[in-house]
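The values are calculated or read from the model by the stated rules, or taken from the named source; none is laboratory data. Values in this document were obtained by computation on a predicted structure and should not be read as measured data. No Cβ is skipped: glycine too gets one built from the backbone with ideal geometry, and neighbour counts run over all protein chains shown.
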Amino acid sequence: MGKLSKLLLAVSIVILLLIGSVFLYENGKNTTGQSNLENRFNAPANLQNVEHGKNILQINSIAMGETIKSHLRNDPSISLMKHNKKNESHYNKREVTVKFEHHPSDLEIARMTNDIKGNVVKYLDSTIVFRSNELSTSELIQYFNSQPDFIYAEPNYLYLQNKIDFPNDLLYREQYQWNLPVIQTEAGWDVTRGDEKIIIAVVDTGVDLNHPDLRKRLTKGYNVLENNDYPDDDNGHGTHVAGIIASETNNREGVAGITWYNKIMPIKAMGAEGYGTTFDIAKGIIWAADHGADVINLSLGNYQPSSLMKEAVKYAYEKNAVIISAAGNDNSSHPSFPAAYPEVLGVSAVSYTGQRAPFSNYGDYIDVSAPGVQIPSTYFNQQYAALSGTSMASPHVAGLAGLILSANPELRNKEVMDIIKNTAYDLGAPGKDIDFGSGLIDVKKALEAVNGK
């Protein structure tokens, strides 16, 4: 064999060895990644069967959401807006939300209510909800479009709920709370367990003010519906959301919250039926921002954009609040609001298998994902319940935002949002995708990133 042939043979062998090494390295990387995924979501049997847990109410929150929608479809006082075969929005018939440049005088309001044969339902500064006894919502919008100092008029839309050391809490100790280990919560507690000065507002159905796992974790709240300071929960949804964030941890009973010390600001903007109007929810957001909320959780949504809701979100964002919202439970890519607003972190739900929950909405507006299937938490009437929904995923992110600000309260809201996204554990297609956004939130990595700032 000549020198040239020997040289070519040697080069060929080297190339083959390099290709084999690269293949083995890539295959090893993929195997390791798959192994890590399996380990992270390798839940014990009792985690995957929360329904067998003692003293945990089993509530089909997804079916409950469909029941609410069915009720609204058959309510003669509610109008239905179909976006497509799957997605729909609702608003109060014969009502309109109007924003003026300046609050109208009593004489002007009397004239307008006489013209529409109706009355004023509620108002907030220069935004007023009118109701007519005769005119439809579209006729009301047409009328107010012609009024002086008019800025906008829109339907009064309805927003639906989108249903520790290791702590020694009973349900955590018995390993029913699969959601906390999978997002590396315990390791994150080595950095911080929270700070009671960082307030997390829950704009929802209120909170059970006497729940043993929550009553010491609450700060002053607000009942938008009754205009008083008694935001007690008559539905259960808000109590469940609050417990995921801040149920009293390490107290030998119930469930463990993501944060040990952050306070919850309970704001009741939805009624016992499980839904609320644009006006009431927007008012709740503004109240939270004005009263020092550092984080605002919105486990609710609607498929129709609202000028009033957008203004409320922007107002809170400009006051440096971190705003988190659930993506919705219709297995749809149709944008849901307020989750799709750029000032908001939109959250999809992950199952204990590591897959997107089958009910969870998806789309390019999803920023991150969090556990949302069979999540045990507090429930109204001093009970505990396991619920599923993006409503349950969102408060995991709100709790993480509270921990981040506890570690560094000088951070701006955008910095907190970026930390949450940049440290997420990548699921699905590499990089950002429509199912998980930047990935599954990772409490440990997020808090370590704060320490590195």
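Some observations on this one:
- Search result, residues across segment 351-392 that are among the β-branched types (Val, Ile, Thr) and under 13 Å from the mean Cα position of the chain (by Cα): Ile366, Val368, Thr390
- Test: residue in segment 323-332 that is assigned by TED's automatic domain parsing to the domain that holds Glu226 and over 24 Å from Ala386 (Cα atoms): yes
- Scanning segment 175-198 for residues that are surrounded by fewer than 22 Cβ atoms within 10 Å (Cβ to Cβ) and either part of a helix (DSSP H, G or I) or in contact with a Gly (Cβ under 7 Å, 6 or more places away or on another chain) (or both) returns Pro181, Glu186, Ala187.
- Flag for Ser360 being crowded, with 24+ Cβ neighbours inside 10 Å and polar (S, T, N, Q): yes
- Neighbours by Cβ (under 9 Å, 6+ apart or cross-chain): first from segment 113-128, assigned by TED's automatic domain parsing to the domain that holds Ile286 and at positive phi; second of a type outside the set (Phe, Trp, Tyr) and surrounded by fewer than 17 Cβ atoms within 10 Å (Cβ to Cβ): none
- Segment 394-423 - residue that is among the small types (Gly, Ala, Ser) and touching a helix residue (DSSP H, G or I) at 6+ places or on another chain (Cβ under 8 Å) and, of those, farthest from Ile375 (Cα to Cα): Ala407
- Qualifying residue in segment 243-259 (condition: surrounded by fewer than 24 Cβ atoms within 10 Å (Cβ to Cβ), in contact with a strand residue (DSSP E or B) (Cβ under 8 Å, 6 or more places away or on another chain) and of a type in the set (A, V, I, L, M)): no
- In segment 200-217, the residues that are in a strand (DSSP E or B) and of a type in the set (D, E, K, R): Asp204
- Counting only strands (runs of 3 or more DSSP E) that sit wholly inside segment 218-323, those with at least 1 residues that are closer than 18 Å to Tyr379 by Cα, modelled with pLDDT of 95 or more and over 15 Å from the mean Cα position of the chain (by Cα) are 263-268.
- Number of positions in segment 154-174 that are surrounded by fewer than 22 Cβ atoms within 10 Å (Cβ to Cβ) and at pLDDT 80 or above: 1
- Residues within segment 70-118 that are surrounded by 13 or more Cβ atoms within 10 Å (Cβ to Cβ) and part of a strand (DSSP E or B), tallied: 16
- Scanning segment 366-383 for residues that are of a type in the set (Val, Ile, Thr) and under 23 Å from Gly206 (Cβ atoms) yields a count of 2.
- Flag for Thr137 being of a type in the set (Val, Ile, Thr), over 19 Å from Asn227 (Cα atoms), in the same structural domain as Ile151 (by TED's automatic domain parsing) and crowded, with 19+ Cβ neighbours inside 10 Å: yes
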